[in-house]
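One structure below.
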Amino acid sequence: MESVWEVSVPQNTSIDHDLFDLLRSIELHPSEFLEKLRQVPACDLDPYMQLGRCYALIHTCAYQEAEAGILDLLTKALNDSDKRLLATSYLLASDIAHNLHRDYQEELYLHQALESAKIAQDQDLIAYILCYKALYYQRLNNRKQALDRLNLAAGQISASSAPRVHYRVLRDSGTVFFNFQLYPKALDCTAKALEISLKHGDIHDQLMCLNNLSSLYMKMEKYEEAYRILQRGIELSSDHNVIIRKLSFIFNLGVMLLKQGKGEQSLESFIECEETAKKIGFENKTFLIELYSNLAGSYTFLKHHESALVYLDQALEVSAKIGDRYQMAELKINRANVLCGMMRTAEARELLKDVIDFARKGKHSDLYRYALSNMADSYELQKDYKTANKYLRNINKAYRNEMQYVMQEQSAKHSAEISALVNELKGVKEQAQRDQGELGDISFGFLGISNIRRDVLDKALKAAHHPYATVLITGETGTGKDVLANLIHNNSFRREARFVPVNMAAIAENLMESAFFGHVKGAFTGANVGSKGFFMEAHRGTLFLDEISDMPLPLQAKLLRALESHKVTPVGSSKELEFDTRVICSSNRDLPNLVERGVFRRDLYYRLNTITINLPPLRERPEDIKPITVFFVDKYCREINKTRPTIADSFYAYLAKYSFPGNIRELRNIVEHLVIMHDGNTWTDKSLMHLVSPNKLNHDSKPAKSKGVADSEEKSKLISTLQACNGKQKDTAQCLGISEATLTRRIKQYHLEVYTRKGSSKHKT
């Protein structure tokens, strides 16, 4: 690969100078790097060059293409012994998720990156990833978590650590302290980072530190110091011909001059910045949006509104190419402000209406309030104070709602902390051990590259961020319903409280009421001590009801009452107890069919399936067999300290033909058996012969049905589900785990239009 890019990438060392130099070269010249790579066949690219390609795509804002590349690389890295490569791939995946505003994915990828680095036992890489996590929590305004990650990162640094790791920890610490307004600490860390870069003669790192120092002094309104640093940065970058860094100094100079009210001078700096970027062909879209926005700001300050609109339109055009709707909304607000300055209020309001609608649907509270404020200003301009006051009241309402949610969240968090301490000796440790031993990495069941897997994971993580809605998980035995429930809990704000799993089939019917709602001492024979019950045990946390279809009808009514009132009455007591518990249920049976048969309450079914997630069987996503297999191989080899075997393609090809009636659980058992019992260093299709019978290949666990029989059964299922859902197609599609478009096609295919009429139960022949 040296012919493509003159750097040697080590395969068996940690992130060191060579890889850092590669990534920095890419960061400074992403377009040139991509152009060089296009001259080489894709099959000739080693994994680290593929990593570099994804990094370059990120820096050219081609996030969708970068995501496709990194997912492909992750699939390869999962089957590679180089866990440093896997960790770095996850790290880039988190960077992509950040740029696509997928906070939940970013956090998950960072977690996976850190776990992979721990397996690799690479302290430098661990420190590097912890810095990323600190910046993630800083953006969420979670001061405690961010500072904790910085302390952990500092603890990973040893005497043998690469100087660049020292530099990175100090630089990112300065950034976090800066954003939390801890300016003395930020100055101290940034100055130490600069000292390291000077000692090792790294001009790029020196310039980065100088740029950060200038931002610090500007924030502290120490403009003389900031101006001195900026001039030094411009001179140094010019002397070393680092024009990209020079751009940032000229840009910051323009920002500072605008802050000081020096409109003409700021405009000169931004124009120089624009001309320099055009001259060198610098096309970083994020930078260009910032540049165009500030050019518009300077022109607005000087009351050159038409010129301001031109640059705002350019910023919007670039933002649209990226597909960043949030940033587009911010730019629309800026454009509306300029239009108001020109008294073109009607045009401004149309833009602001779009932003308000987007912010409300996306739950972007800050953006929502900002847009409302600007809408109020537009009416004040025309002395329509009544309408302006209406929008101001909406701001107050939005703020009160947000503060109420924050207070609830904080209260839940504090209560959870206390509860965790109280209950530690009663089972929290056992639960943690069970989760660690049985589940391992909570996301193992969702490794893979299939679109099905991505859809399931996306739904689960979206559900996690809604802390109160009930979730119904459906799917065959062994598909990982318990794992998904754990994942939803661990990615919600309830993660600090308990996750209480309940196997409905394992509880005697006569003990169920006491088990769920608790009992007082002496309530019945043998009740020598009181019991809190599952709902109160899971207070502030999550209650997982596994196989809810096994719950007897009498208890279903009481469960529904508890879910509606958020209160339970312990057996033997007249006192109601209020709980705050999120309920997740699972079922491997057809609940709409059970509803029609009268063995499951219709009203309870509707209460439970607020969010329905269907887990497809493993045979429907064969492309995910390989990464899941690799995960289990690594897991069980580590447990017994056994060398990881080489797995032939024929092994995976044989598994891909198998129907897997036991799904992921069956695959796990197959792998565990082979790790323990197989003596060879290579696994092939022959290794599976005694575990997976050839006569079970290409067959389902049930006898094949004729098309006519299958169609008849499908039609009957459609009729029963439509009737159970009162003809509502959206609800029916959710229950069946299919899209509304697919449902519409099947309704037409079987001529079932009559059942789409609300409340209809008439049978059509």
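Peptides 491-503, 220-232, 82-94 ranked from most to least packed, by the mean per-residue count of other Cβ atoms within 10 Å: 82-94, 491-503, 220-232.
The distance separating the Cα centre of region 106-145 from that of region 32-99 comes to 19 Å. Amide H to amide H, with H built 1.01 Å from N, Ile613 comes under 5 Å of Leu472, Ile473, Thr474, counting only residues 5 or more places away or on other chains.
Taking the centroid of alpha carbons for each part, region 178-234 and region 475-530 are 54 Å apart. What does the charge add up to near Cys189, with Lys and Arg as +1, Asp and Glu as -1, over the other residues with Cβ less than 10 Å from its Cβ? Value of the local net charge: +1.
Around the Cα centre of region 428-616, unit charges on the Cβ atoms of Lys, Arg, Asp and Glu (plus for the first two, minus for the last two) sum to a dipole of about 420 debye. Each of the peptides 614-624, 324-334 was scored by the mean count of other Cβ atoms within 10 Å over its residues; in descending order, highest first, they stand as 324-334, 614-624. Straight-line cross-link partners of Lys686 among the lysines, defined as a Cα under 27 Å from its Cα and at least 8 positions apart when in the same chain: Lys76, Lys626, Lys635, Lys642, Lys657, Lys696, Lys702.
What is the dipole size for region 112-271, taken about its Cα centre, with +1 at each Lys and Arg Cβ and -1 at each Asp and Glu Cβ, in debye to the nearest 20? Kindly include the intermediate steps, with their values, before the conclusion.
Working: 20 positive and 16 negative charges, 82 e Å.
Dipole about the Cα centre, nearest 20: 400 debye.
Here the 3J(HN,Hα) profile of region 687-692, calculated from phi with Karplus coefficients 6.51, -1.76 and 1.60 at θ = phi - 60°, is 5, 9, 4, 7, 9, 10 Hz, Gly and Pro shown as x.
Here, each number is a calculation from the coordinates, and none is a lab measurement. Quick caveat, the model's predicted, so the values are computed rather than measured. Here Cβ is always computed from backbone atoms with ideal geometry, including for glycine, and neighbour counts include all displayed protein chains.
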